[in-house]
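What follows is one structure encoded as structure tokens, with my remarks underneath.
The values are calculated or read from the model by the stated rules, or taken from the named source; none is laboratory data. Remember, it's a predicted structure, so these values are computed and weren't measured experimentally. Note: ideal-geometry Cβ built from the backbone for every residue, glycine included; neighbour counts use all protein chains shown.
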């Protein structure tokens, strides 16, 4: 299964393309899209939409896993993040790619074993689980890889196991 994980943002959008084969996981591509802060917010939404649309065309995932909005104490920030996430979901759905959504705590629980894990723990774990080596992984990029991996682990755990005969 080819999963594109996305960590939504209004300045940076993290993405990670993970190939899940049986018990192996491999990162095929990851990075972040710079949206820029020097343009009006409505124009940023257009940039986000088109950048994600281009990413989907380039990577051709079987499913997209998107992190849900993290509610902050700043209502304006949370709302803007919701707008960005909305155009990301629109770009995905217009290309008929199935979408899975995961709360940040669920992602951290799945990949680190602790729903309250910090960003550095997620970065370190993605490096370990996906054998990224010396590649510098940005926080939002690691979050996107973690969302993709979380989806793979969740789907795998719902597939019935076939008992082996002795």
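In this entry, residue 57 passes the filter for residues that are surrounded by fewer than 16 Cβ atoms within 10 Å (Cβ to Cβ) and within 17 Å of residue 17 (Cα to Cα).
Residues checked against (1) touching a strand residue (DSSP E or B) at 6+ places or on another chain (Cβ under 6 Å); (2) farther than 25 Å from residue 154 by Cβ:
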{"site": "32", "(1), (2)": "yes, no"}
{"site": "46", "(1), (2)": "no, yes"}
{"site": "49", "(1), (2)": "no, yes"}
{"site": "81", "(1), (2)": "no, no"}
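Scanning for something at pLDDT 95 or above, closer than 21 Å to residue 10 by Cα and surrounded by 15 or more Cβ atoms within 10 Å (Cβ to Cβ), does the stretch 147-166 turn up at least one residue? For the stretch 147-166, residues at pLDDT 95 or above, closer than 21 Å to residue 10 by Cα and surrounded by 15 or more Cβ atoms within 10 Å (Cβ to Cβ): present.
When the stretch 28-38 is filtered for residues that are surrounded by fewer than 17 Cβ atoms within 10 Å (Cβ to Cβ) and under 20 Å from residue 95 (Cα atoms), only 29 remains.
Can you find a residue that is without any contact (Cβ under 8 Å) to a residue 24 or more places away in the chain, surrounded by 15 or more Cβ atoms within 10 Å (Cβ to Cβ) and closer than 20 Å to residue 146 by Cβ anywhere in the stretch 88-111? The answer is yes, given that some residue of the stretch 88-111 is without any contact (Cβ under 8 Å) to a residue 24 or more places away in the chain, surrounded by 15 or more Cβ atoms within 10 Å (Cβ to Cβ) and closer than 20 Å to residue 146 by Cβ. Please enumerate the residues belonging to the stretch 17-65 that are assigned to a strand (DSSP E or B), more than 15 Å from the chain's Cα centre (by Cα) and within 18 Å of residue 83 (Cα to Cα). Within the stretch 17-65, just 34 meets the criteria. Of all the listed residues (70, 25), the sole one being closer than 25 Å to residue 118 by Cα and surrounded by fewer than 18 Cβ atoms within 10 Å (Cβ to Cβ) is 70. Among the residues of the stretch 1-22, those that are surrounded by fewer than 24 Cβ atoms within 10 Å (Cβ to Cβ), in contact with a strand residue (DSSP E or B) (Cβ under 7 Å, 6 or more places away or on another chain) and closer than 21 Å to residue 47 by Cβ comprise 12, 17. Looking across the stretch 127-143, the residues that are without any contact (Cβ under 8 Å) to a residue 40 or more places away in the chain and assigned to a helix (DSSP H, G or I) come down to 127, 128.
For the stretch 98-131, which positions are touching a strand residue (DSSP E or B) at 6+ places or on another chain (Cβ under 9 Å) and modelled with pLDDT of 85 or more?
First pass over the stretch 98-131, keeping only residues touching a strand residue (DSSP E or B) at 6+ places or on another chain (Cβ under 9 Å): 98-104, 107, 110, 126, 129-131.
Result: 98, 99, 100, 101, 102, 103, 104, 107, 110, 126, 129, 130.
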